[in-house]
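Presented below is the structure to which this report refers.
The values are calculated or read from the model by the stated rules, or taken from the named source; none is laboratory data. Keep in mind it's a predicted model, so treat the numbers as computed, not measured. Here Cβ is always computed from backbone atoms with ideal geometry, including for glycine, and neighbour counts include all displayed protein chains. Ligands, DNA and RNA are excluded from the accessible area calculation, which covers all protein heavy atoms including side chains. Shrake-Rupley method; radii C 1.70, N 1.55, O 1.52, S 1.80 Å.
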Amino acid sequence: MLEALLAAAAILAAGWAAHATLLYRQLHTERRDPVSGLIDRRTWDRRAEQLLRRGKATALAFIDLDDFKPVNDGFGHRAGDAVLRAIGARLAGHLDGWGIATRSGGDEFPVIARVGDSESELAAFAAGLRDLISQPVPWPGGPLTVSASIGICRIGDLEHPTLSAATEAADFAMLAAKGGRGRRGRTATVRDRQEAGAPE
């Protein structure tokens with residue numbers, strides 16, 4: 001009788017363990033963007049807020065891919081997903097320990113990180129991101145290549161250093177980079193926009 005009860009308890013415990021493992025995997029999956037593999041936007045927002053509160057973030061970059069539509073149109077959406085997946089993996093590896101990235105919308109990637117405050121350090125940060133993104137992605141009939149327009153907000157330049165303010169400022173700077181002089185694959189900072197007389 002005792003052996004039967006112990007066996008039943010063991011089966012029940014194994015069932016609960018399997019159920020808990022499944023729930024953990026589901027929760028883990030829910031916290032990830034299914035295409036890029038990066039943490040999802042909600043998780044990124046929470047962690048980015050924590051970095052700002054602790055003073056561990058000095059810059060927010062907003063990346064928008066250029067030439068992504070031709071990849072989808074010319075090679076199909078599976079190829080586009082392969083590009084997003086490759087960029088997600090590259091960003092995660094590059095930022096490990098000093099920044100986090102997510103995918104926002106189709107081909108936009110917000111990044112928050114701790115980098116130096118000087119213009120040269122911000123430029124090097126942006127150049128590193130552009131180099132990662134511009135690396136070709138192997139694909140039948142490819143390779144697949146895209147570039148990026150990047151807007152950067154230096155957190156210390158904000159009157160109110162909130163995540164929403166930094167994201168909005170970096171997004172506007174990205175639009176300036178994308179539209180500036182009819183060129184793409186550029187970088188603009190919030191300070192660039194201020195010096196050019198752009199409205200706040």
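Straightening the chain between residue 121 and residue 159 buys 11.5 nm, computed as 0.36 nm per residue apart minus the Cα-Cα spacing.
Just the number, please: carbon plus sulfur as a percent of the accessible area of the stretch 63-171, 1.4 Å probe, no ligands or DNA/RNA counted. That share works out to 53 percent. Using a ≥ b ≥ c from the Cα gyration tensor of the stretch 45-189 (square roots of the eigenvalues), is it rounded, prolate or oblate, where a/c under 1.5 gives rounded and otherwise the larger of a/b and b/c decides, a/b for prolate? Prolate. Between residue 56 and residue 72, the modelled labels are 3.5 nm apart [label points 7 Å from Cα along Cα→Cβ]. Where in the stretch 102-132 does the label zone of residue 89 land, with the point 7 angstrom along Cα→C-beta and an amide N cut-off under 18 Å? Counting backbone N atoms under 18 Å from the label point, the list is 102-103, 131-132. With 0.36 nm allotted per residue and the present C-alpha distance subtracted, the residue 135-residue 43 stretch has 30.4 nm of extension available. Note that the stretch 138-155 has calculated 3J(HN,Hα) couplings of x, 6, x, x, x, x, 9, 9, 9, 10, 8, 9, 10, x, 10, 10, 7, 4 Hz, one per residue in order, obtained from phi through the Karplus relation 6.51 cos²θ - 1.76 cosθ + 1.60 (θ = phi - 60°); glycine and proline are x.
Taking each residue as 0.36 nm, the span from residue 147 to residue 108 lengthens on full extension beyond its C-alpha to C-alpha distance by 12.8 nm.
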